[in-house]
1. Just want to confirm a number: the relative contact order over the chain, from Cα pairs under 8 angstrom separated by 6+ residues, in percent.
2. Could you give me the ³J(HN,Hα) list for the stretch 126-143, computed from phi with Karplus coefficients 6.51, -1.76, 1.60 and θ = phi - 60°, whole Hz, x at Gly and Pro?
3. Suppose the Debye formula is applied to equal point scatterers at every Cα of the stretch 195-289; what is log10 I(q)/I(0) at q = 0.12, 0.17, 0.23 Å⁻¹?
4. Counting other Cβ atoms within 10 Å of each Cβ, which GluC sites (Glu not before Pro) in the stretch 271-333 have at most 13 and sit in a DSSP loop?
5. From the backbone phi of the stretch 349-365, what are the Karplus-calculated ³J(HN,Hα) couplings (6.51 cos²θ - 1.76 cosθ + 1.60, θ = phi - 60°) in whole Hz, Gly and Pro given as x?
6. Amide H of residue 370 versus every other amide H placed in the peptide plane: which residues, excluding those fewer than 5 positions away on the same chain, fall under 5 Å?
7. Straight-line reach from residue 349: which aspartates and glutamates fall under 13 Å, measuring Cα to Cα and dropping same-chain residues less than 8 apart?
8. What percentage of the solvent-accessible surface of the stretch 303-381, computed with a 1.4 Å probe over protein heavy atoms, is contributed by carbon and sulfur atoms?
Amino acid sequence: MDPISSTEALAAACERLARHPFVTVDTEFLRETTFWPKLCVVQVASPEEAVLIDALADGLDLAPFYRLMANERVMKVFHAGRQDIEIIWHQARLIPHPVFDTQVAAMVLGYGDSISYDQLVQRVTGHALDKSSRFTDWSRRPLSQAQIVYAVADVTHLRDIYIKLTTDLETRGRAEWVGEEMHVLTSPATYEQHPDSAWERLKSRVRKPRELAVLVEVAAWREREAQTRDLPRGRVIKDEVIGEIAVQQPQTPEKLAELRSLPKGFERSRYGEAVLEAVRRGVARDPKTLPRIERDKPLPNGASATVELLKVLLRMTAEQNAVAAKVIATTEDLERIAVSDEADVQALKGWRRELFGERALALKAGRLALAVNHGRVIAVEK
């Protein structure tokens, strides 16, 4: 199979693909040395054909592919599609819709937490995929035959998986469950990366308002610099360094040079001056303008034991209903339920409340008990 390298051929292929109720989609990209993913190859398959698109071909306009992604009459099927959709959002400022993610569907159907594509292919079709080309250089041309075979397999087996999972979802009445989960994947907010909120991805445990202010300003500066120069964040300045700067708050080159986590001479570089300016902005910032940090509060006395009981109930519910526990509730959900029956968590909404939430509240209220019967945990209504 020769990859598509002309706009005319791509338009013709997308016209054919759009005649079908669904297409499967995958991408190959590089991101090790850039902030934004570098799209190299796009794979798309309908029930009748599969095509490879050379996204790096000279003169190729991907507009026909993006029109296909925006076509409301065609379901776009991905596996763990967040990064694929992020690429489309960044390059074309559109979110594919409607979409179906087979990894999410597999969790709803009990295949396990975040099952990989090759594992799902093995379990659904019985085929073992050759993953040796996964981490090859997808920007090199021409693509090798092994790369082409690998790339095509990522969308052809996905057709069989989609048909199998959608059939099972309908049979078990869980199609709407997956539909609810797709809202996050199709929200632009999922993919927007605002510099002012870049601090949220850092694990630094700042405590004082001024420390937070400096953290916010330096993280925002790094985010803008990384996006503008198309560099990985860590190539600009590492996460742990930002945390140290927030605590130490150096405002002169001499003080900046005292930080052992920075390379020698950093304080005299263009980056060094920009960091000092960000620190000064943070120090001068009005604390009233700072974002609120939700502090982890210790659980009340007795709540820890309740959380452990809820974990047992969750595992039992997941096993009985063949649903991944991860998609029903998180540990944070359980902690908040242990503290309040009115907790604003997903586990107490929609299908999760029907499946697990109501029983969790009943367990807390003493209307439900857990027991062991023939080696298995069971729920006993009182």
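1. Numbers: 523 pairs, mean separation 51.4, N = 382.
The normalised contact order for the chain reaches 13 percent.
2. x, 8, 9, 7, 8, 9, 5, 8, 4, 9, 6, 7, 7, 8, 6, 10, x, 5
3. -0.31, -0.65, -1.23
4. On the way: sites: 273, 277, 294, 308, 319, 332; in loops: 294.
Hits after loop and neighbour filter: 294.
5. With coefficients 6.51, -1.76 and 1.60, one gets 10, x, 5, 5, 5, 5, 7, 10, x, 4, 5, 5, 5, 5, 5, 4, 7 Hz.
6. Amide H neighbours of residue 370, under 5 Å, 5+ apart: 380.
7. Within the straight-line cut-off, residue 349 pairs with 180, 181, 333, 341, 358.
8. Details: 1960 of 4190 Å².
Carbon and sulfur: 47 percent of the exposed surface of the stretch 303-381.
The values are calculated or read from the model by the stated rules, or taken from the named source; none is laboratory data. No experiment lies behind these values; they were computed from the predicted model shown. Every residue, glycine as well, gets a Cβ built from its backbone with ideal geometry; the counts of neighbours run over all protein chains shown. These area figures cover heavy atoms from the full protein model, side chains too; ligands, DNA and RNA do not enter into them. Shrake-Rupley method; radii C 1.70, N 1.55, O 1.52, S 1.80 Å.
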